[in-house]
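Laboratory data are not the source of any read-out in this text; all were calculated from the coordinates shown. Here the structure is a predicted model, which is why all the values come from computation and not from measurement. A quick note on method: Cβ atoms are made from the backbone with ideal geometry, for glycine too, and the neighbour counts reach across all protein chains shown.
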Amino acid sequence: MTSLAEYLAQLDQLEKQALEQFQRCQTPEEVEQARVQFMGAKRGLVRQMQQRLKEIPGPEKPQAGKRFNQLKQTLQQALEQAQSRVAAKATPKATRPQRARTAGELPPPFDPTAVPPEAQLRLGRLHPITQTMQRMQEVMARLGFQVADGPEVEDPWHNFEALNIPPSHPARDPLDNFYLSVARLTGTGEPDTSGPELLLRSQTSTVQIRVMERQRPPVRVIALGRVYRPDTADATHFPMFHQMEGLYVAPGVTMAQLKTVLKLFASMFFGPQVQVRFRPSFFPFTEPSVEVDMTWKDGWIEMGGAGMVDPHVLQAVGYDPEQVTGFAFGLGVERICMRQFGIDDIRLLYRNDIRFLEQF
Ligand code: FA5
């Protein structure tokens, strides 16, 4: 049996000893040692004193227990104070590498979120041609033209015949077109040459035919896309380029409306100062036909061809030329893009040089 007085004296002593020891601690390791010594869950001195509570005679137990709890609380506070005191002291230590870094003795600290300059993401942008096509589409939509589409690999009917270009016509010359040798096999595995020859379309006028074949008049559409010609590349020509085709067929459509639409398109796209002029020309699928020029810098640049849809074309798709008339035009997208952004050489658009492209 331990008397109450004896137990309380032991608690006082333990408190004094523990407080002094926590006070003396200089490092987190020392604090941890003191914690284990006094507050360790299994063999800590506080735990031992708790077990000795049992030895106190019954009536005096509450007083002993109260003082014990008080001690435990005091030591807990002292422990926490000691912990934060040594942690605050440890901070200057952590700055030592920083000082060394500033002095150039150490590399910068590792930052797992940092992106090296060569891998930094750059915000991309649309190719100037895509930007131009989107804008052309927007302007023509305001003039009431819907967007139509057609394949880039075409058959001679849509690229030539229905457009009033017969087999003997020079426009069908293999030197002026990209014909495709398409491998087909017959049922017995022999090469089959009986099917129609195919080619990469040389103009978007093919889409005129495709639209009229599946739709009755009135028709008011544009078609934007790639076309291919074995042209030698120079400042204004490229073997692959883009066109915007326009087609309006309805009763009473006139050439004056064609010019109005092209003038409106030009001024909505480039501003009111741009002028449009027609030069007489020839296309097998329009009559009369014109070349469409627009002013650029001190002169004119040819933007496309246009004209009134030839009655033969209307007949080829089953329209009645006595009932409806139409106009059509095909503008070179690259030329429009060059004028829009002030680009002098079409080849720059297809060099894939980021330094050039990121300017637009
Ligand atoms: C045609 O392609 C006709 N289909 C246009 C047309 C449509 C006429 C509807 C009548 C009715 P042309 O071959 O002129 O026409 O080409 C039209 C435009 O495409 C040219 O004015 C030019 O702007 C552009 N173009 C032609 N060849 C090239 C090329 N190699 N590189 C870049 N642009 C070109």
Worksheet item: Can you tell me the Rg and Dmax of the stretch 263-328, counting just the alpha carbons, in angstroms?
Response: 14.5, 45
Fill in: Computed helical MRE - 222 nm, the chain, DSSP H runs ≥ 4 contributing -39500 (n - 2.57), nearest 500
-13000 deg cm²/dmol
Worksheet item: Suppose R0 equals 35 Å; then what is the FRET efficiency for Q275 and E118 from their Cβ-Cβ distance, rounded to the nearest 0.05?
Response: 0.10
Worksheet item: Could you give the nm distance between label points at R226 and E6, where each point is 7 Å from its Cα heading toward the beta carbon?
Response: 10.1
Worksheet, complete the sentence: For the stretch 4-102, the Cα convex hull volume per residue in Å³ comes to 75
Item to complete: Would you work out which of P191, P166, L331 lies farthest towards the positive end of the dipole of the chain? Charges go on Cβ: Lys and Arg +1, Asp and Glu -1.
Response: L331
Item to complete: Apply 1/(1 + (r/R0)^6) to the Cβ-Cβ distance of L175 and D111, taking R0 = 45 Å, and write down the FRET efficiency to the nearest 0.05.
Response: 0.15
Practice prompt. Return a whole-number percent for the relative contact order of the chain, with Cα pairs under 8 Å and 6 or more residues apart as the contact set.
Written response: 13
Worksheet entry | Equivalent-ellipsoid semi-axes of the chain, from the Cα gyration tensor, Å, largest first | 93, 26, 23
Item to complete: Could you calculate the contour length gain from Q134 to K66, that is, 0.36 nm times the residue separation minus the distance between their Cα atoms, to one decimal place in nm?
Response: 16.2 nm
Discussion item. Starting from the 7 Å offset along Cα-to-Cβ, what nm value, one decimal, do you get for the label separation of Q81 and L45?
Written reply: 1.7
Worksheet, complete the sentence: The relative contact order of the stretch 113-258, taking Cα pairs under 8 Å that sit 6 or more residues apart, comes to a percentage of 24
Discussion item. Test of the criteria: in the stretch 249-329, which GluC sites (Glu not before Pro) are in a DSSP loop and have at most 16 other Cβ atoms within 10 angstrom of their Cβ?
Written reply: E322
Worksheet item: Relative to the Cα centre, what is the charge dipole magnitude of the chain, using +1 at the beta carbon of each Lys and Arg, -1 at the beta carbon of each Asp and Glu, and rounding to the nearest 20 debye?
Response: 2980
Fill in: Mean Cβ count within 10 Å, highest first, over the residues of peptides 168-180, 251-263
251-263, 168-180
Worksheet item: Full extension from A250 to T295: what is 0.36 nm times the residue separation minus their Cα-Cα distance, to one decimal in nm?
Response: 13.2 nm
Worksheet item: On full extension of the chain, what length is gained from V36 through Q146, given 0.36 nm per residue of separation minus the C-alpha to C-alpha distance?
Response: 31.4 nm
Discussion item. Just want the answer: with Cβ charges of +1 for Lys and Arg and -1 for Asp and Glu, which residue in A9, L71, S84 is farthest toward the dipole's positive end in the stretch 4-102?
Written reply: S84
Fill in: Amide N of the stretch 222-242 lying under 12 Å from the label point, which is placed 7 angstrom from the Cα of E302 along Cα→Cβ
236-237
Item to complete: Could you work out how far the C-alpha centroid of the stretch 282-357 sits from that of the stretch 97-156, in angstrom?
Response: 30
Item to complete: Return the FRET efficiency for the residue pair T260, E358: r is the Cβ-Cβ distance, R0 is 41 Å, and the value is rounded to the nearest 0.05.
Response: 0.65
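Nothing charged except the Cβ atoms of Lys and Arg (+1) and of Asp and Glu (-1): what's the magnitude of the dipole of the stretch 4-102 about its Cα centre? Round to the nearest 20 debye.
Around 500 debye, computed over the stretch 4-102.
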Practice prompt. Return a whole-number percent for the relative contact order of the stretch 4-102, with Cα pairs under 8 Å and 6 or more residues apart as the contact set.
Written response: 36
Worksheet item: Within the stretch 4-102, how many Lys pairs sit with Cα atoms under 23 Å apart, leaving out pairs fewer than 8 places apart on the same chain?
Response: 12
